[in-house]
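The values are calculated or read from the model by the stated rules, or taken from the named source; none is laboratory data. Just so you know, these numbers come straight off a predicted model, no measurement behind them. Note: ideal-geometry Cβ built from the backbone for every residue, glycine included; neighbour counts use all protein chains shown. Calculation scope for accessible area: heavy atoms of the full protein, side chains included, ligands and nucleic acids excluded. Shrake-Rupley method; radii C 1.70, N 1.55, O 1.52, S 1.80 Å.
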Amino acid sequence: MSAPRYDLVVIGAGPAGSAAALCAARAGLRVALVDKARFPRVKLCGGLVTGRALRALRQPLPADLLERRDSLSFFDRGAPLGQITGGPPVYLTTRLGLDAHLLAQALQAGAEDFTGHSVAGLAPGFVQLRNGPALRAPLILGADGVNSAVARHLFGRAFDPATIGFALEIEAPPSEDQSLQVDFGVAAWGYGWRFAKSGSTTIGLGGLQARNPDMKARLAAYLALLPDQAGARVMGHHLPFGELRRVPGRGRMLLAGDAAGLVDPITGEGIAHALLSGHLAAEAVIAALAAGRPDSALPRYARALAPTLRALRHARMLRPLVFSDRCGGLFRQAFRDSATMKLRYMDLLAGEVDYAALLRRAAWRLPLRLLRGR
Ligand SMILES: Cc1cc2nc3c(=O)[nH]c(=O)nc-3n(C[C@H](O)[C@H](O)[C@H](O)COP(=O)(O)OP(=O)(O)OC[C@H]3O[C@@H](n4cnc5c(N)ncnc54)[C@H](O)[C@@H]3O)c2cc1C
């Protein structure tokens, strides 16, 4: 039997892959959506959903998938740095529910379901599934996360483990205290979080892997500062914390979301960029196929993604001001003393301001403030 033919094979049904499959299927393309997992599946994640992510989603989410939060508390190794209320809201979700919902929408729109199959082989226009059929399509989208098989096929490896991030997380029982907490002092070049949700309390910390060889000990030290019951299973996952791919793919294979390194190097936010890049990749594929020029999909996608890549590069430029040995302590002091800085951070976290605007508005003031230690 010959391999079934599609217009697009999407590998990975996380936010990037499901957004791409939904968009392409709605435009009438024949789409195969592959994931090694069966859904609902666990994906390690704080589940913080920003305004940026909601905009990138392009349609409302069912209310039961989101819990709204209007305040955020900041700490430095357990010492309070202050609380922000009245900033833009942020939301909490569970990836079990969110990703299953996004996948269901893509399938409803007509994408064909190949979940439960990992990729066994790749070649231009060809995807061999493990325990499944071979699929053919002029274009392939790798939305298969930080260990992307598509990126490995294209570039030899997805990312250099020495330069990316790593995070540990536990799900503790639900807590009366439903506040959002961020602790800047508990991980190097990263931070800790305690996101209390109605069903559980997600606690974790993450940062550059090379700067945190003792991540487990750091998590234990962080947990000792918190009121939550210890003992929950600790799980770990890499995140491409600011390691961008300059060109998101090669030839007729495109990369989106974590597979393209689209994680904010300061906040660790990845859901919004995954959703947006999935949509942009699908739109580029739709336009390229309509023009009868599948080879033009990657340049079209790269052009559409350029502002996002620029913003993430700006964030990387700012990152040492927040995390470096020289500036990190001063940043935390300044953060404690400045309501404006806290609000700007909340704006960033909520997706209400981007790094270019932040650089324009504050870059000249921020280093001075840091240098003065105020
Ligand atoms: C601990 C932690 C906390 C985080 N917290 C937040 C947060 O609070 N807010 C936020 O915005 N971001 C957060 N992030 C980042 C966010 O989780 C990711 O950026 C986001 O999931 C990227 O989506 P994606 O679709 O690109 O990849 P993923 O969500 O990783 O999806 C990739 C999919 O590909 C599938 N796959 C992988 N390999 C194969 C293969 N060979 N064959 C078939 N299928 C395959 C996987 O099963 C998976 O379903 C966090 C990350 C970590 C690690």
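Quick test for you: out of PRO138, PRO161, PRO89, PRO60, pick the one residue that is touching a helix residue (DSSP H, G or I) at 6+ places or on another chain (Cβ under 9 Å), under 23 Å from LEU22 (Cβ atoms) and at pLDDT below 95. On inspection, the qualifying residue turns out to be PRO60. When you go through ARG332, ARG310, ARG246 one by one, which is the residue that is outside the structural domain of ALA123 (by TED's automatic domain parsing) and either of a type outside the set (Asp, Glu) or touching a residue at least 60 places away in the same chain (Cβ under 8 Å) (or both)? Exactly one residue qualifies, and that residue is ARG332. Under the condition of being near the ligand (Cβ under 6 Å from one of its atoms) and assigned to a strand (DSSP E or B), which residue from region 24-47 is most open to solvent (accessible area, probe 1.4 Å)? Looking at residues that are near the ligand (Cβ under 6 Å from one of its atoms) and assigned to a strand (DSSP E or B), I get ASP35. Applying the criterion of being over 26 Å from ILE170 (Cβ atoms) and part of a loop (DSSP other than H, G, I, E, B) to the residues of region 48-65, the residue that is nearest to the ligand (Cβ to nearest atom) is ARG58.
Restricting PRO88, PRO80 to residues that are touching a strand residue (DSSP E or B) at 6+ places or on another chain (Cβ under 8 Å), part of a strand (DSSP E or B) and not aromatic (Phe, Trp, Tyr) narrows the list to PRO80.
Across region 271-295, the qualifying residues are those that are open to solvent by 10 Å² or more (accessible area, probe 1.4 Å) and without any contact (Cβ under 8 Å) to a residue 40 or more places away in the chain, and the one among them that is nearest to the ligand (Cβ to nearest atom) is LEU280.
Does VAL127 count as within 11 Å of the ligand (Cβ to nearest atom), under 20 Å from the mean Cα position of the chain (by Cα) and of a type in the set (Val, Ile, Thr)? Taking the combined requirement at face value, the residue does not satisfy it. Of the strands (runs of 3 or more DSSP E) lying entirely inside region 129-229, those containing at least 1 residues that are over 26 Å from ALA282 (Cβ atoms) and among the small types (Gly, Ala, Ser) are 165-172, 190-196, 201-208. What residue, of ARG374, ARG360, ARG310, is surrounded by fewer than 18 Cβ atoms within 10 Å (Cβ to Cβ), modelled with pLDDT of 90 or more and among the basic types (Lys, Arg)? From the options ARG374, ARG360, ARG310, the qualifying one is ARG310. The residues of region 244-264 that are within 12 Å of the ligand (Cβ to nearest atom) and in contact with a Pro (Cβ under 9 Å, 6 or more places away or on another chain), listed by number, are LEU255, ALA256, GLY257, ASP258, ALA259, ALA260, GLY261, LEU262, VAL263. Only one entry in ARG369, ARG326, ARG336 is open to solvent by 70 Å² or more (accessible area, probe 1.4 Å), charged (D, E, K, R) and at pLDDT below 65, namely ARG369. Pairs, please: C-beta under 6 Å, at least 6 apart or cross-chain, first residue within 16 Å of the ligand (Cβ to nearest atom) and in region 222-243, second open to solvent by 40 Å² or more (accessible area, probe 1.4 Å) and not in a loop (DSSP other than H, G, I, E, B)? So the pair list comes out as ALA232/GLU171; HIS238/PHE166; GLY242/ARG316. Among the residues of region 192-217, the one identified as closer than 14 Å to GLY328 by Cα and buried (at least 23 other Cβ atoms within 10 Å of the Cβ) is GLY207. Could you tell me which of the residues ASP183, ASP144, ASP177 is of a type in the set (Asp, Glu) and surrounded by fewer than 19 Cβ atoms within 10 Å (Cβ to Cβ)? Going through ASP183, ASP144, ASP177 in turn, just one is of a type in the set (Asp, Glu) and surrounded by fewer than 19 Cβ atoms within 10 Å (Cβ to Cβ): ASP177.
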